[in-house]
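Down below is the structure, laid out as structure tokens.
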Amino acid sequence: MNPDQLRDASLLELFALEAQSQAEVLNAGLLSLERDPTAADQLEACMRAAHSLKGAARIVGLDGGVRVAHVMEDCLVAAQHGELRLRPVHIDALLHGTDLLLRLGCPPGGDPRWADQAGKAEIDALVLRMAALLAGEEVDADAWAAGHAAQRLAPGSEPLAESLAESLAASTTPVSAARPEGPAPDEVVGTKAAGPATQPSGLPDAQERMLRVSADTLDQLLALSGAAMVETHWLKPFGNALQQTRRLQMRALQALDALQVALAASPADALARASLAEAQRLLGESHQQLSQRVTELEQYDHRTGRLAHQIYDRALASRMRPLADGLTGYSRMVRDLGRSLGKAVHLELVGESTKVDRDILEQLEAPLAHLLRNAVDHGIETPEARLAAGKPAEGRITLNARHNAGRLVIVIADDGAGVDLDALRRAIVRRNLVPEDTVARLSQAELLDFLLLPGFSMRETVSEVSGRGVGLDAVQDMLRQVRGSIRLTQESGHGMQFHLELPLTLSVVRALLVEISGEAYAFPLAYVMQAIHLERGDIEQLENRQHFRFGDRQVGLVSAAQVLQQAEARRDEETVAVVVLGDQERTYGVAVDRLLGERILVVQPLVATLGKIKDIAAGSLTEDGTPVLIFDVEDMVRSVEKLLSEGRIDRIRRGSTEAAPVRRKRVLVVDDSLTVRELERKLLANRGYEVAVAVDGMDAWNVLRAESFDLVITDIDMPRMDGIELVGRIKRDARLQQVPVMVVSYKDREQDRQRGLEAGADYYLAKGSFQDAALLDAVQDLIGDARA
């Protein structure tokens, strides 16, 4: 590519970025002008945006863009001077012009010739139409507006995601699409600073410096900052050890002082007294220096701890974005969809500055769009029907977002007629879901819950917008994926309300910490109905299954240790700690050893190559550095149901004596990944082995020289000393060469396997095909059962 081509590509990229920025101004301003055509501030903002785009299009040589922006500017200037009163037909044309300017910056298929070929006719038609409107000619406004809106919104037979992309194409074109070689799809773009939309030059306002950072990099930064915060906790026990050494020195000084007094009372040679004095002097100086170092360490501990928390808090905050970032274009979508259906409707946003995690925001895009489309199509009546009911001709949909008790709450409400409950009852009976005599007794809340069933629709015919049965159940499934929920309410004649509740972030989870077989685990609080201490006398045995009464029903009870296939601890207490999980349909009690209290945990995803770990969703670390595995509660409920169906539920045992201690075989796990280290440690510990861990080959070598082990499990790629060198050292050492070594590595090529075995490894297991059973079977093959 020659310099001229490079220059042109750069200019087109800048035009695409500016077109997106100015389109946001135009969309928001034109929707406001449709409600108040004389709003001077909105007229000024839109005129300046059109003027800036005209200049930018002229610079990059987009003649079609110059023509579109020029005629838009003429229309807005005429409105400013009172020569023209903006009507819906003018707004339609101006919005169409905004769409065309965006497509000029991001041409369909990335073809820069679009403006001179397929787009030319559309540009000419718009310019002629705008000219006719400016000349005061009457046009078929409804037909043109409905046709343009239908062209943008009609999903045809496309899935929901494609329909949403079509409906938001004009106002939510991603920045990456505007560039010949844009950032990766997971790139995070900084939020624009508050303030005027444009500078006099027409370029986007930049009150704060912006930088593109990939989402993966941000996640890594968060994980590292969390690890740094945990690492600072190791300074405290080190400082305590120094304090203990300092106290021992003080006692040694006191002993020397007592010895000096004793020598003074008895005959002693000068050399002994001189030696004693020198020992006192040296010990005194070392005590003074140690005291100084202890003080400095305490100060350092305080500073690093505070700094680590600040870094972590800032890294976590960088993932949070205002909800408004995910709502761009929804007001335009609601307006255009209403126009295509012959309805007047606008969207009112409340709390759009509410902060939410980037991942949650991405997951919310499709559900929110679906609910808004549903409200326009099903909820809002036609202008004639609204006027007949004593309502304003224009319908209103409100999206209200707020934080509540550490959760994100979004309520979407419309002022339509609401759901016809009698028609809903007939639809339920018609689909043979509930007998007619039963459906008549259902409450309003119970009836509305049927709208969330898969494939349920009250429509008999399929329209371009709805009626396909891909409805609210899809929204509910999307919300469940992010630990969210949806609830429907309505007030007759005053519309429907959708109440959405979600976590603020997927990076942090509020959890109930418990102890199971001596290990810490976490239940996400979103799935915990209640945590109780159950009296043993309240546990009932029915048909070989244990139950207890919870509220007004019997709930099955199962041991968490049995679900995890661990040895169950003996319980001498008169009560059993139970976590009640599930929902109204499926509720179970899970018995644990101890309830450790509520915590806020930083979620650390499991290594993807390990595959799905049964009953486990993620890992984390407590503030004192204790590793914790976070339960996948839905997976755990399925495990409980499988045990129930197979009739394999064990009773919650009770015992008063412990078995005589038996030596357990010791395994050293060596891996620089905290997740892998912890998973392997827990797998082995749950099978009864005594497990120690090392963070790399050097750490492992130091441990091996000081302690005895029956097996070493090591990774290959590690800092300081890799696994191959560690295996070689073990096999060359006379004391250690009989200790079997297993290599567990991501490297699965034959040459990698051969390299590990040639170094002396006794077994090679690839992490890519890692399974719990494969690791445990290999360990048993090498050293047998856990008991020596």
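The values are calculated or read from the model by the stated rules, or taken from the named source; none is laboratory data. Because the structure is predicted, anything quoted here is derived from the model rather than measured. A quick note on method: Cβ atoms are made from the backbone with ideal geometry, for glycine too, and the neighbour counts reach across all protein chains shown. Just so you know, the surface numbers come from the protein's heavy atoms only, side chains and all, with ligands and any DNA or RNA stripped out. Shrake-Rupley method; radii C 1.70, N 1.55, O 1.52, S 1.80 Å.
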Qualifying residue in segment 6-20 (condition: more than 29 Å from residue 327 (Cα to Cα), among the hydrophobic types (A, V, I, L, M, F, W, C) and either crowded, with 18+ Cβ neighbours inside 10 Å or in contact (Cβ under 8 Å) with a residue 24 or more places away in the chain (or both)): yes
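Are any of the residues in segment 335-344 of a type outside the set (Ser, Thr, Tyr), in contact with a Gly (Cβ under 8 Å, 6 or more places away or on another chain) and open to solvent by 10 Å² or more (accessible area, probe 1.4 Å)?
Residues of segment 335-344 that are of a type outside the set (Ser, Thr, Tyr), as a first pass: 335-339, 341-344.
If we keep only those that are in contact with a Gly (Cβ under 8 Å, 6 or more places away or on another chain) too, we end up with 338, 343-344.
From what is left, the residues that are open to solvent by 10 Å² or more (accessible area, probe 1.4 Å) are 343-344.
Within segment 335-344, one or more residues are of a type outside the set (Ser, Thr, Tyr), in contact with a Gly (Cβ under 8 Å, 6 or more places away or on another chain) and open to solvent by 10 Å² or more (accessible area, probe 1.4 Å).
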Residues located in segment 682-701, provided they are aromatic (Phe, Trp, Tyr) and assigned to a loop (DSSP other than H, G, I, E, B): 689
Members of segment 488-546 that are open to solvent by 50 Å² or more (accessible area, probe 1.4 Å) and polar (S, T, N, Q): 492, 530, 541, 544
Members of segment 533-557 that are assigned to a strand (DSSP E or B) and in contact with a Phe, Trp or Tyr (Cβ under 8 Å, 6 or more places away or on another chain): 534, 540, 554, 555, 556, 557
Residue in segment 52-74 that is within 18 Å of residue 129 (Cβ to Cβ), touching a residue at least 60 places away in the same chain (Cβ under 8 Å) and touching a Cys at 6+ places or on another chain (Cβ under 7 Å) present: no
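Among the residues of segment 269-278, are any assigned to a loop (DSSP other than H, G, I, E, B) and either closer than 30 Å to residue 381 by Cβ or without any contact (Cβ under 8 Å) to a residue 40 or more places away in the chain (or both)?
Taking segment 269-278 as the starting set, the residues that turn out to be assigned to a loop (DSSP other than H, G, I, E, B) are 269.
Of the ones still in play, those that are also either closer than 30 Å to residue 381 by Cβ or without any contact (Cβ under 8 Å) to a residue 40 or more places away in the chain (or both) are 269.
Within segment 269-278, one or more residues are assigned to a loop (DSSP other than H, G, I, E, B) and either closer than 30 Å to residue 381 by Cβ or without any contact (Cβ under 8 Å) to a residue 40 or more places away in the chain (or both).
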Matching residues in segment 309-326 - criterion: being under 19 Å from the mean Cα position of the chain (by Cα), hydrophobic (A, V, I, L, M, F, W, C) and open to solvent by 10 Å² or more (accessible area, probe 1.4 Å): 316, 317, 320, 324
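Here are 375, 369, 417: which of them is touching a Ser or Thr at 6+ places or on another chain (Cβ under 9 Å) and closer than 30 Å to residue 505 by Cβ?
Details: 375 fails: touching a Ser or Thr at 6+ places or on another chain (Cβ under 9 Å); 417 fails: closer than 30 Å to residue 505 by Cβ.
When all the criteria are applied, what remains is 369.
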Test result for residue 419, part of a loop (DSSP other than H, G, I, E, B) and touching a His at 6+ places or on another chain (Cβ under 9 Å): yes
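Residues checked against (1) touching a strand residue (DSSP E or B) at 6+ places or on another chain (Cβ under 6 Å); (2) open to solvent by less than 30 Å² (accessible area, probe 1.4 Å); (3) outside any strand (DSSP E or B); (4) touching a residue at least 40 places away in the same chain (Cβ under 8 Å):
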site: 362; (1), (2), (3), (4): no, no, yes, no
site: 365; (1), (2), (3), (4): no, no, yes, yes
site: 372; (1), (2), (3), (4): no, yes, yes, yes
site: 375; (1), (2), (3), (4): yes, yes, yes, yes
site: 384; (1), (2), (3), (4): no, no, yes, no
site: 393; (1), (2), (3), (4): no, no, yes, yes
site: 397; (1), (2), (3), (4): yes, yes, no, yes
Output for segment 413-428, where each listed residue is crowded, with 16+ Cβ neighbours inside 10 Å and free of Cβ contacts under 8 Å to residues at least 60 places away in the same chain: 424, 425, 427, 428
Pairs, first closer than 14 Å to residue 329 by Cα in segment 92-109, second open to solvent by 30 Å² or more (accessible area, probe 1.4 Å), C-beta under 7 Å, six or more apart: 102/20
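Residues are listed down the side, and each one gets a yes or a no for (1) under 20 Å from residue 622 (Cβ atoms); (2) among the small types (Gly, Ala, Ser); (3) part of a strand (DSSP E or B); (4) touching a residue at least 40 places away in the same chain (Cβ under 8 Å):
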| site | (1), (2), (3), (4) |
| --- | --- |
| 487 | no, no, yes, no |
| 499 | no, no, yes, yes |
| 514 | yes, no, yes, yes |
| 526 | yes, yes, no, yes |
Cross-chain or 6+ apart pairs with Cβ under 6 Å, segment 674-693 first and in contact (Cβ under 8 Å) with a residue 40 or more places away in the chain, then polar (S, T, N, Q): 686/566
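Which one is modelled with the lowest pLDDT, of the residues in segment 420-468 that are among the β-branched types (Val, Ile, Thr) and under 25 Å from residue 340 (Cα atoms)? Show your work before the answer.
Our first condition is that a residue be among the β-branched types (Val, Ile, Thr); within segment 420-468, this holds for 428-429, 434, 438-439, 461-462, 465.
Imposing the further condition that a residue be under 25 Å from residue 340 (Cα atoms) reduces the set to 461-462, 465.
On the way: 461: 47, 462: 43, 465: 50.
Restricting to residues being among the β-branched types (Val, Ile, Thr) and under 25 Å from residue 340 (Cα atoms), the top hit is 462.
Taking the criterion of being closer than 23 Å to residue 602 by Cβ, touching a helix residue (DSSP H, G or I) at 6+ places or on another chain (Cβ under 6 Å) and open to solvent by less than 40 Å² (accessible area, probe 1.4 Å), would at least one residue in segment 289-302 satisfy it? Even if it seems obvious, please write down each step before you answer.
From segment 289-302, those closer than 23 Å to residue 602 by Cβ are 301-302; that's our starting set.
Filter again for touching a helix residue (DSSP H, G or I) at 6+ places or on another chain (Cβ under 6 Å), leaving 301.
Narrowing further to those that are open to solvent by less than 40 Å² (accessible area, probe 1.4 Å): 301.
Yes: segment 289-302 contains one or more residues that are closer than 23 Å to residue 602 by Cβ, touching a helix residue (DSSP H, G or I) at 6+ places or on another chain (Cβ under 6 Å) and open to solvent by less than 40 Å² (accessible area, probe 1.4 Å).
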Lone qualifier among 293, 335, 281 - being under 40 Å from the mean Cα position of the chain (by Cα), of a type in the set (Lys, Arg), more than 30 Å from residue 212 (Cβ to Cβ) and in a helix (DSSP H, G or I): 335
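Step by step: first the residues of segment 346-359, then only those that are open to solvent by 10 Å² or more (accessible area, probe 1.4 Å) and of a type in the set (Val, Ile, Thr), then the one that is modelled with the lowest pLDDT. Which residue is that? Walk me through how you get there before you give the answer.
Step one: of segment 346-359, the residues open to solvent by 10 Å² or more (accessible area, probe 1.4 Å) are 346-355, 358-359.
After this cut, where a residue has to be of a type in the set (Val, Ile, Thr) as well, the list is 350, 354.
Working: 350: 92, 354: 88.
That would be 354.
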